[in-house]
1. So is residue 334 over 18 Å from residue 17 (Cα atoms) and open to solvent by 50 Å² or more (accessible area, probe 1.4 Å) or not?
2. Restricting the search to region 176-206, which residues are among the aromatic types (Phe, Trp, Tyr) and open to solvent by 20 Å² or more (accessible area, probe 1.4 Å)?
3. Please work out if residue 314 is at pLDDT 95 or above and either closer than 30 Å to residue 242 by Cα or touching a Leu at 6+ places or on another chain (Cβ under 9 Å) (or both).
4. Is there a residue being crowded, with 17+ Cβ neighbours inside 10 Å and part of a strand (DSSP E or B) anywhere in region 72-87?
5. Quick test of your reading of the structure: residue 300 fulfils all but one of (1) in contact with a strand residue (DSSP E or B) (Cβ under 9 Å, 6 or more places away or on another chain); (2) farther than 18 Å from residue 19 by Cα; (3) free of Cβ contacts under 8 Å to residues at least 24 places away in the same chain. Name the failing condition by number.
6. Consider region 38-70. How many of its residues are in contact with an Asp or Glu (Cβ under 9 Å, 6 or more places away or on another chain) and more than 19 Å from residue 109 (Cβ to Cβ)?
7. Does any residue in region 71-85 that is within 18 Å of residue 53 (Cβ to Cβ) and modelled with pLDDT under 95 come within less than 7 Å, Cβ to Cβ, of a residue that is among the basic types (Lys, Arg) and open to solvent by less than 30 Å² (accessible area, probe 1.4 Å) six or more places away or on a different chain, and which pairs are these?
8. Looking only at region 251-277, how many residues end up being closer than 22 Å to residue 25 by Cβ and either among the hydroxyl-bearing types (Ser, Thr, Tyr) or open to solvent by less than 20 Å² (accessible area, probe 1.4 Å) (or both)?
Amino acid sequence: MRNTTHHIKVPGKLMIAGEYSVLEPDRLAIVVAVNRYMNAEIKENDRNLLSLPQLGLNNVTWDCNGVEVNFNSSDSKLTFIRNAISTFNSFIEENSIRPRPFSLLITSELDDSSGKKYGLGSSAAVVVTTITSMFKFYELQPTAELIYKLSAIAHFKTQGNGSCADIAASTYGGWIQYAAFTSAWLLDELRNKTPISEIVEKHWPSLLIENINPPKDLILCVGWTGNIAATAPMVTKINNLRNGRPTEYVNFIEQSAKAVSNLIESFEKNDVNSAISSLRQNRDAIKLLSDSAEVNIETPKLKSLIRIADKYGSGKTSGAGGGDCGIAFVQDKRDAEHLYNEWNSEDILPLRLHVSKYGAL
């Protein structure tokens, strides 16, 4: 048995702009990788063994029925990892590589000490971590595109929806402009049982992942409200708006798209003032969506976070809203410190995150 232990590090993410609208074809979003990480150690073992000590899951064993994974635990928190392993097993078997048993230990910096999620994309990060770990274990040299595509397939096997922008951030790192692939296309490929190795070789319709550089004086600030977002009910109400009042929904999509386009242009022109203004435009689009769908995207604490941010630059929710994190753009370090102090006074925790230039390693 080999004694090599491979170490893996995968960043979390924050949505910056384009939430909700990115689920529509060819609509851009901006997402960023942050320097809170999911870490893993993988090595050969005499049986398959998985440990996630922060979730109280230690020495979980599994066996495989073909490529499918059967854990000795029915804990629902294992679903993403189960589908990541089975997706990877399909990929290597199609490439004539025989699966070998290993032990995998995963720890996370993406939650607080009590286990509450910050909203930094832990579900996506654990999939990317598992896929990247298995590539390291088999001593294969994947491209970032291959890690992304296998992770997206595993994610869709679990959820059946989503933009997978968080997977792109965890895989590629840095600031990213992103357009989601056509989800119906991928679901059809999976339903038709197209081999995984063929799916990842294909062109994925509408997918765009491109690193971009922010204005050099732009400072990203992040605050955590202490409340966990309940995303599913909000998505349901927004889908009801999309299906029941399409004119109002299209108004949101167009307003959001314009804000994101302006933000990308501000990055290209190194224009920090325009970036701050464009983030505010995107917040206005989110407010329009919230009012139209009668959904509480901005909680009272998020409203406070944004109100304070607007004194020094601009602020908005990050991701689905309803809790978790909000973000701010400012251009002066002193303003950032004043902002953090005022957030603290409103019981909003500054996370003092920085951009992770690197993706899955």
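1. Taking the combined requirement at face value, the residue satisfies it.
2. Residue satisfying the conditions is 185 alone.
3. Yes: the conditions hold for residue 314.
4. No, region 72-87 has no match at all.
5. Of (1) in contact with a strand residue (DSSP E or B) (Cβ under 9 Å, 6 or more places away or on another chain); (2) farther than 18 Å from residue 19 by Cα; (3) free of Cβ contacts under 8 Å to residues at least 24 places away in the same chain, only one is false for residue 300: (1).
6. 7
7. none
8. The total comes to 8.
The values are calculated or read from the model by the stated rules, or taken from the named source; none is laboratory data. Keep in mind it's a predicted model, so treat the numbers as computed, not measured. Virtual Cβ from ideal backbone geometry, glycine too; neighbours counted across all protein chains shown. For the accessible areas, the whole protein counts, side chains as well, though only heavy atoms, and no ligand, DNA or RNA atoms are used. Shrake-Rupley method; radii C 1.70, N 1.55, O 1.52, S 1.80 Å.
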